[in-house]
Amino acid sequence: MNEPWIHVRDLTVRYGSKTVLEKVTLDVMPGEMVSIVGPNGGGKTTLLKVILGMKDFSEGEVRVLGEKPGHVKAGEVGYLPQINRHLRDFPIRARDVVLMGRFPRLGLLKRPGPADRKLAEECLEIVGMSDSADVPVQSLSGGQVQRVFIARALAMEPKLLILDEPSTGLDAVSQEDFYGTLRRLRDNRGISILMVSHDIGVVSNYVDKIACLNRHIHYHGPAGNEIPEKIIQEVFGRNIQILVHNKNCVTCREGHSNG
Ligand SMILES: Nc1ncnc2c1ncn2[C@@H]1O[C@H](COP(=O)(O)OP(=O)(O)O)[C@@H](O)[C@H]1O
Ligand SMILES: [Mg+2]
């Protein structure tokens, strides 16, 4: 099946009269790892929320695993929101946090059984946190907490993993580590990953595609190629309109000039 698992076309989103996303187009294919980068306020979290069915949109088309956003089967999409401070403050052991990932699959009122526990242990293993299974998440480092949250999302057995600034608070070494973990997941489990990231330099070594978002999608193509300095300035600078895209960029093909 070669349908994209996330399909966004000409998406326009407003908060009141303010347009936050305009004609945004993005596809994430099965098994693909894609990063969205861009300045604060550029609409990254909003785009994720639309994909998750948490925010309505004015115009455009969005499909997630072939369904309308919000109509995907429970547990098929794992989401790690931008801030997890609340959960972080809970006096709860790492393995129980991971077990919580089973709840969407279990449905109402069912308690996790031995198979769920076994899966939770496996997920901790995948992210390299087995040794800390009994440690309260409060006492873990930022990077370790993020891994536990990834394990929780994995315990859901999702096809798609959506992460909003998951590497915030990690030092450079943990970042590399963390993206490496995500990439292994992608390789071993064939899940698709869409994440928001600030570390454009680091993340481009790990992902298949980068999308620069600042109201519009500014660049959208295979990673690994250097993103031209000009684009970075344009996306992160002020007052920009569009500019350079590569030939894979649908937005570009449909009307914006290369330059
Ligand atoms: N619930 C909301 N109500 C009104 N405006 C919002 C709301 N959420 C976000 N915005 C605005 O939408 C824009 C994009 O925000 P967001 O998607 O959070 O950007 P990013 O994640 O790229 O920093 C910002 O200008 C922000 O102020
Ligand atoms: Mg955000």
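The values are calculated or read from the model by the stated rules, or taken from the named source; none is laboratory data. Quantities reported herein were computed from a predicted structural model and do not represent experimental measurements. Heads up, the Cβs are rebuilt from the backbone with ideal geometry, glycines too, and the neighbour counts pull from every protein chain shown. With ligands, DNA and RNA removed, areas are computed over all heavy atoms of the protein, side chains included. Shrake-Rupley method; radii C 1.70, N 1.55, O 1.52, S 1.80 Å.
Starting from the Cα-Cα distance between Gln138 and Glu3, subtract it from 0.36 nm times their residue separation and give me the gain in nm to one decimal.
44.5 nm
Positive-end ranking of Met156, Pro166, Ile200 along the dipole of the stretch 129-201, with charges on Cβ about the Cα centre, is headed by Met156. Within the accessible area of the stretch 1-130, the carbon and sulfur atoms contribute 51%, probe 1.4 Å, all protein chains present.
Put simply, when 136-147, 93-104 are sorted by average Cβ atoms within 10 angstrom per residue, most first, you get 93-104, 136-147. Distance between the 7 Å Cα→Cβ label points at Leu106 and His71: 3.0 nm. From the alpha carbon centroid of the stretch 1-31 to that of the stretch 115-169 is 28 Å. Sparsely packed loop sites in the stretch 1-73 (the trypsin sites (Lys or Arg not before Pro) outside DSSP H, G, I, E and B with at most 13 other Cβ atoms within 10 Å) comprise Lys73.
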